[in-house]
Amino acid sequence: MANYISFTRSNYFRVTDPEAFKKIINCVITDGDSLELWERTENGTTYYGFGAYSSICGLRHEAEDVDDDDEFEADAVYEALSEVVAPDDAIIITEIGYEKLRYLTAYAVVITRTEVEFVELRSDALETAQRMLRNPEYNPCMDY
């Protein structure tokens, strides 16, 4: 049996509260490496990005002794980030992963102040193939 290997990174985006944002990033739980935080300044505006050689798994409370299973869900991270992203910006977190060549995954989570949406490559590709073939029943084996 092989291990699932993943890579995660975001676009560059603006936030309303840099200190609150950094606190969130420091509390993110991954299944491997911690998140790396990047900053860049362009025309006096600071943009942030992050990434890891792992998947985002959840959000740790500041107090290590708190035991709240809800926080150990990736959704808690997305919700926290939606509270600090600039109102006219979006955080796009992309993850790709694989387990040998048994299967490949690729998806993005798009976070704005008001919404969180998931975009999954395989399901979008399957829908595209069904549309192109004019066959809504088309469903090939994509794993082994």
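When the residues of the stretch 107-144 are narrowed to those that are under 25 Å from the mean Cα position of the chain (by Cα) and polar (S, T, N, Q), which ends up most open to solvent (accessible area, probe 1.4 Å)? Show your work before the answer.
Going residue by residue through the stretch 107-144, those that are under 25 Å from the mean Cα position of the chain (by Cα) are 107-128, 142-143.
Checking the rest, the ones that are also polar (S, T, N, Q) come to 112, 114, 123, 128.
Working: 112: 40, 114: 118, 123: 47, 128: 55 Å².
That would be 114.
Anything in the stretch 87-106 that is more than 17 Å from the chain's Cα centre (by Cα) and either without any contact (Cβ under 8 Å) to a residue 60 or more places away in the chain or not in a strand (DSSP E or B) (or both)? List them, or say none.
We begin by selecting, within the stretch 87-106, every residue more than 17 Å from the chain's Cα centre (by Cα); these are 87-88, 99-103.
Correct list: 87, 88, 100, 101, 102, 103.
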- Scope the stretch 1-56; condition in contact with a Leu (Cβ under 6 Å, 6 or more places away or on another chain) and closer than 20 Å to residue 119 by Cβ; matching residues: 50, 52
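Would you say residue 16 is touching a residue at least 24 places away in the same chain (Cβ under 8 Å), in contact with a Cys (Cβ under 9 Å, 6 or more places away or on another chain) and either open to solvent by less than 20 Å² (accessible area, probe 1.4 Å) or more than 25 Å from residue 126 (Cα to Cα) (or both)?
Working: touching a residue at least 24 places away in the same chain (Cβ under 8 Å): yes; in contact with a Cys (Cβ under 9 Å, 6 or more places away or on another chain): no; either open to solvent by less than 20 Å² (accessible area, probe 1.4 Å) or more than 25 Å from residue 126 (Cα to Cα) (or both): yes.
In short, no.
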- Among (1) closer than 30 Å to residue 144 by Cβ; (2) modelled with pLDDT of 95 or more; (3) open to solvent by 60 Å² or more (accessible area, probe 1.4 Å), which single condition is residue 1 missing? (2)
- May I ask you to list pairs of residues, at least six apart or on different chains, whose Cβ atoms are under 6 Å apart, with the first in the stretch 112-139 being within 30 Å of residue 21 (Cα to Cα) and the second being outside any strand (DSSP E or B) and open to solvent by 80 Å² or more (accessible area, probe 1.4 Å)? 113/87
- Query: With respect to the numbered conditions (1) modelled with pLDDT under 95; (2) open to solvent by 50 Å² or more (accessible area, probe 1.4 Å); (3) closer than 16 Å to residue 11 by Cβ, which one is the sole condition not fulfilled by residue 66?
  - Reply: (3)
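The values are calculated or read from the model by the stated rules, or taken from the named source; none is laboratory data. In this text the structure is predicted, and so the values were computed from the model without any measurement. For neighbour counting, all protein chains shown are included, and Cβ atoms are generated from backbone atoms with ideal geometry for every residue, glycine included. These area figures cover heavy atoms from the full protein model, side chains too; ligands, DNA and RNA do not enter into them. Shrake-Rupley method; radii C 1.70, N 1.55, O 1.52, S 1.80 Å.
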